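What follows is a short report on a single structure.
Throughout, read-outs are computed from the coordinates displayed, never taken from laboratory work. Since the model is a prediction, treat every value here as computed from it, not as a measurement. Every residue, glycine among them, receives a Cβ derived from its backbone with ideal geometry; neighbour counts consider all protein chains shown.
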Amino acid sequence: MTGFTVDPAALDAHAAVVAELASVLAATADAARPLDAGAYGVIGQAFAGWAMAAAARADRAVGALGDRLASHPSGVRATAAAYRRVEDGVVERLRDAT
């Protein structure tokens, strides 16, 4: 025995938490609206282009992170299901052997 154990229910719970975080992150990315160049005022116009470009890059990064995070729960759920199938198979073979 290695002492290694897996709790598929804990994996399912983790997947649910990550799915919720992905949903919140996606909503955050969708809610972000770039400021108009006029929002920076007369003096800020010199920096508005840079600020708007940086905000656009950050928005794309948050969106990409949300997309990647959204794909994670299905893999965790599939892992939990695989552990359950293996465990069920072992239990069935042990029952058949007795």
Query - Rounded to 10°, Cα long-axis angle of helix 8-31 versus longest principal axis of the chain - result: 10 degrees
Query raised in the report: Given only helices, namely DSSP H runs of n ≥ 4 each adding -39500 (n - 2.57), what is the per-residue ellipticity at 222 nm of the chain, to the nearest 500 deg cm²/dmol?
Result: -30500 deg cm²/dmol
Query raised in the report: Dipole magnitude of the stretch 8-97 about its Cα centre, charges +1 at Lys/Arg Cβ and -1 at Asp/Glu Cβ only, in debye to the nearest 20?
Result: 160 debye
Query raised in the report: What's the FRET efficiency of ALA27 with ALA81 using the Cβ-Cβ distance as r and R₀ = 35 Å, to the nearest 0.05?
Result: 0.80
Report task. Answer with a single label: of (i) 5.5; (ii) 6.3; (iii) 9.0, which was calculated as mean projected area of the Cα convex hull in nm² from the structure in view? Result -> (iii)
**Report entry** Point-to-point label distance, ALA13-ASP96, nm (Cα→Cβ direction, 7 Å offset)
**Finding:** 3.4 nm
Requested in this report: With everything on Cα atoms, drop me the angle between helix 41-97 and the longest principal axis of the chain, reported from 0 to 90° to the nearest 10.
Outcome: 10 degrees
